[in-house]
1. Quick one: in the range 42-97, which of the residues that are touching a strand residue (DSSP E or B) at 6+ places or on another chain (Cβ under 6 Å) and assigned to a loop (DSSP other than H, G, I, E, B) is farthest from residue 128 (Cα to Cα)?
2. Restricting the search to the range 23-41, which residues are part of a helix (DSSP H, G or I), surrounded by 16 or more Cβ atoms within 10 Å (Cβ to Cβ) and in contact with a strand residue (DSSP E or B) (Cβ under 9 Å, 6 or more places away or on another chain)?
3. Identify the residue in the range 59-72 that is free of Cβ contacts under 8 Å to residues at least 24 places away in the same chain and within 22 Å of residue 100 (Cβ to Cβ) and, among all such residues, is nearest to the chain's Cα centre (by Cα).
4. What do you reckon, is residue 139 over 30 Å from residue 19 (Cα atoms), modelled with pLDDT under 85 and not in a loop (DSSP other than H, G, I, E, B)?
5. Name the pairs whose Cβ atoms lie under 7 Å apart, with the first residue in the range 16-30 and not assigned by TED's automatic domain parsing to the domain that holds residue 66, the second modelled with pLDDT under 90 and crowded, with 17+ Cβ neighbours inside 10 Å, and 6 or more positions between them or separate chains?
6. Just one of (1) touching a residue at least 40 places away in the same chain (Cβ under 8 Å); (2) loosely packed, with under 14 Cβ neighbours inside 10 Å trips up residue 56, so point out which.
7. Identify the residue in the range 63-75 that is modelled with pLDDT under 95 and crowded, with 19+ Cβ neighbours inside 10 Å and, among all such residues, is nearest to residue 142 (Cα to Cα).
8. Quickly run through the range 1-22 and pick out the residues that are in a helix (DSSP H, G or I) and surrounded by fewer than 19 Cβ atoms within 10 Å (Cβ to Cβ).
């Protein structure tokens, strides 16, 4: 989710048929400021100090509402935890299956590229490309000899 002003957020929420509450505003701001594709628990722990009365359930509900409204994307599930991206533009991801890190990948996948598949198996609304392997840090750590 790109950084939006409060007015733009209110407008986006209204267009989605949702009210912009203080909790939703803080969750949106948190997601917009992160590029590590957090899960609900990470978002909850980041927002909790600023809004003591927020519950984990509220964060789950908000993330589901943001996803349904097209304002956030669930990009992967790793070890049972859904991970989210505030950037809803078409782009690829790399998931390290060792440490769980998810990075955006600059690729040729864009809205125009998605349209190449239009009509192949029905109506294409979006495409997801997930590259899975080991990140550079995990590969480097694996190649370092262990001390006895």
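The values are calculated or read from the model by the stated rules, or taken from the named source; none is laboratory data. Predicted model, so just to flag it, every value in this text is computed and none were measured. Counting neighbours? That spans all protein chains shown, and the Cβs are built from the backbone with ideal geometry, glycine included.
1. Only one residue tops the list, namely 97.
2. Scanning the range 23-41 gives 31, 40.
3. 67
4. Here the answer is no, as residue 139 does not meet what is asked.
5. Correct list of pairs: empty, since none qualify.
6. (1)
7. The selected residue is 75.
8. 6, 7, 8, 10, 11, 12, 14, 15, 22
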